[in-house]
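Accompanying notes for the structure given below.
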Amino acid sequence: MPANTKARVARLAAAIAAIATVAAIPRVAGATGKPDEARFSMSPIGGVVPCMSADGKTPPTIDVRVERGEQNDRLDIRGRGFKPGIQFDLFTVQNSRLNAAGAPDPNFKGFGMSWYQSDLHANDYGRIRASIRTILLDQIFGFVDKGPTPVAPTNTFNVGFWFNDPADAAACGFTGTTPFNGEHAAGPLAFVTVPNATTNLGPLCTSPVTAEDGSVACNP
């Protein structure tokens, strides 16, 4: 092989190696040093799968992408395999009903601080598509500053959604209502995120920090 050809091949190989190296580095958002997006799936609640599944048995799937923005973040949620026309209500919540392994958490005592974020509607093909813009990654929180029961700033790093109509889950044994819709008369939890196995924080926290006493919080 001529010397000039060898030199061109060597330069091309070096360029490809450099591109591959850059591609392997996680994207970070400017000066924050934090990932500029989070991607995660949500887990179905087993007992109600037959009431929301298109075929009555196969669990639907939900994938979420959250892109960090300068003033707020964008969450895109995509789902498939749902019963056409079924409706849900999306919340960010303090606590997940499931543990890191995706099993019911025996220590679960309630969802804690919860924020109503969006409605979700399955189309004629059983697919769900929705987007919201708000503060999400590492900083989403709520609090009560005054009143008979003040609540300190509390993060809501998990995402869940509930049946909008309790009747849609009646065949799965659900009775009564939950407060998780605009009328405060929703059905049961349908899908929720699972916490990180190490930090026990939901996936909306991308920057966990451990204090000297071993407690874990999220770096805002």
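The values are calculated or read from the model by the stated rules, or taken from the named source; none is laboratory data. Quick caveat: nothing in here was measured; it's all calculated off a predicted structure. As a convention, Cβ positions derive from the backbone with ideal geometry for all residues, glycine included, and neighbour counts pool all protein chains shown.
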Segments classed as strands (runs of 3 or more DSSP E), wholly inside segment 160-219, with at least 1 members that are within 25 Å of G33 (Cα to Cα) and out of contact with any His (no Cβ under 6 Å at 6 or more places or on another chain): 208-210, 216-218
So N123, is it closer than 25 Å to G182 by Cβ, assigned to a loop (DSSP other than H, G, I, E, B) and either touching a Leu at 6+ places or on another chain (Cβ under 9 Å) or in contact (Cβ under 8 Å) with a residue 60 or more places away in the chain (or both): no
Among (1) at pLDDT below 95; (2) in a strand (DSSP E or B); (3) of a type in the set (V, I, T) - the single one T149 does not satisfy: (2)
Test: residue in segment 171-190 that is under 29 Å from P59 (Cβ atoms) and under 16 Å from the mean Cα position of the chain (by Cα): yes
